[in-house]
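Down below is the structure, laid out as C-alpha cells.
The values are calculated or read from the model by the stated rules, or taken from the named source; none is laboratory data. Computed from a prediction, not measured in an experiment: that's the story for all the values here. Counting neighbours? That spans all protein chains shown, and the Cβs are built from the backbone with ideal geometry, glycine included.
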Amino acid sequence: MEQAFFFYFAFVIAAASVLVIAVRNPIYSAMALLVMFFHVAGLYVTLHAEFLAAVQIIVYAGAILVLYLFVVMLLNMRQDDRYHRQWPMAAAVGMTLFIEAVILTAMKGWTAPTVATGRETAVGEAGNTEAIGDVLYSTYLFPFEVASLILLVAMIGAIILAKKDPEAVNSEG
Amino acid sequence: MTIPLSYYLVLSGIVFLTGVIGVLLRRNIIIILLSVELMLNATNINFVAFSQYFHDVGGQVFVFFALTVAAAEVAVGLAIIIALYRAKSTINIDEFQLLKW
C-alpha cells in the first residue's frame, strides 16, 4: 500500500517536472508545477511530515505560484519561446550528471546505511508540528531570525526593483 | 519503513536533473525561475526523506528555511524580470547580452 502511494507520487512528480520544462506556454508550465507541488505535499504526508505538507501547499501553491501566474499575465508575452541555441551544451551537462548518478547508484548499491545516530529528536511522538516548533525555537532560533531578516530584505528589494523610475513617471505625466 | 531511502534519492535526482536541463535549455526567464523551483523542491524531498530516515526533525526545519529562501528568491527574481521587461520589452534571455564577451 505504502509502495503504491510512493510510486504514484513519484511518477506524477517526475512527469510533471518534465512537463514544466517541455511545455511551450508559460501558463501550462506553471500549472504543471502546481500539480507537482501538490504531489510533493502528498509525498511529505507519507513521510510523516504533515506540517511541511500544509506549508508546501500554502506557501508554494498558494503564494509563490500565484506570484508567477501574476507576472506571466502582467507581461503578456508572445508564445515564440523556443529552446535555447545552446542545447548541445545542455545535453552534454545533462548526460554527464545522469551518467554520474547512475554510476554512483550502481556503485553504492541499493542497501540502506545504518539507522539513526545519537541525538535524534522524536518525530512522531508529540505530533509533527509540536516537534518542529520545539526544535525551531530552541536549537535553530538564530537561523530563524536570520530567515526573517532575509524576508525583510527581499521585500524591500522587490519593492525598490519593481518600482517605476520617479523621473520616468514625471516625464510621462 | 517499507520504502528504501535510495528510492527517494533517485526521485529527487530525476527532479533536480530536470531542473538543471530546464535552466540550460529554455529561453524564457520565467521558465528558468520555475526550473530553479524544481531544483529547490528536489532538495526538499531529500531533506524530508533523510529526516524521516534518521528520526531527526532537524531536516524538516531546514526545509522550512529553504522555503523561506525560495519565497525571497521568487519575490526578488520576479521584480528583476519586471524591471528587465520595462527596459527591453522582452524576457527572452538571448536579448540580454550586455555582459557577453
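Within segment A:1-30, residues that are surrounded by 18 or more Cβ atoms within 10 Å (Cβ to Cβ) have Cβ atoms under 8 Å from residues that are of a type in the set (K, R) in these pairs: A:I21/B:R26, counting only partners at least 6 apart in sequence or on another chain.
A single entry from A:A54, A:A4, A:A16 fulfils the requirement of being more than 7 Å from chain B (Cβ to nearest Cβ) and within 18 Å of B:E37 (Cβ to Cβ): A:A16.
State whether one or more residues within segment B:54-71 are more than 8 Å from chain A (Cβ to nearest Cβ), closer than 26 Å to A:L136 by Cα and under 12 Å from the mean Cα position of the chain (by Cα). Explain how you work it out, then say what you get.
Our first condition is that a residue be more than 8 Å from chain A (Cβ to nearest Cβ); within segment B:54-71, this holds for B:59, B:62, B:66.
Applying the additional criterion that residues be closer than 26 Å to A:L136 by Cα yields B:59, B:62, B:66.
Restricting the remaining residues to those that are under 12 Å from the mean Cα position of the chain (by Cα) gives B:66.
Within segment B:54-71 (the criterion being more than 8 Å from chain A (Cβ to nearest Cβ), closer than 26 Å to A:L136 by Cα and under 12 Å from the mean Cα position of the chain (by Cα)), the answer is yes, since at least one residue qualifies.
With respect to the conditions (1) at pLDDT below 85; (2) more than 30 Å from B:A71 (Cβ to Cβ); (3) more than 7 Å from chain B (Cβ to nearest Cβ); (4) in a helix (DSSP H, G or I), A:G118 falls short on a single one, namely (4). Exactly one residue among B:N44, B:N28 is within 7 Å of another protein chain (Cβ to nearest Cβ) and crowded, with 20+ Cβ neighbours inside 10 Å, and that residue is B:N28.
How many residues does segment A:48-72 hold that are crowded, with 24+ Cβ neighbours inside 10 Å and outside any helix (DSSP H, G or I)? The number of residues fulfilling the criteria is 1.
Counting the residues of segment A:31-43 that are within 24 Å of B:F47 (Cα to Cα) and without any contact (Cβ under 8 Å) to a residue 24 or more places away in the chain gives 4. Scanning segment B:70-101 for residues being within 17 Å of A:L65 (Cβ to Cβ) and in contact (Cβ under 8 Å) with a residue 24 or more places away in the chain gives a total of 6.
Against the condition in contact with a strand residue (DSSP E or B) (Cβ under 9 Å, 6 or more places away or on another chain), over 19 Å from B:F64 (Cα atoms), modelled with pLDDT under 85 and part of a helix (DSSP H, G or I), how does A:A90 come out, does it pass?
So A:A90 passes the test.
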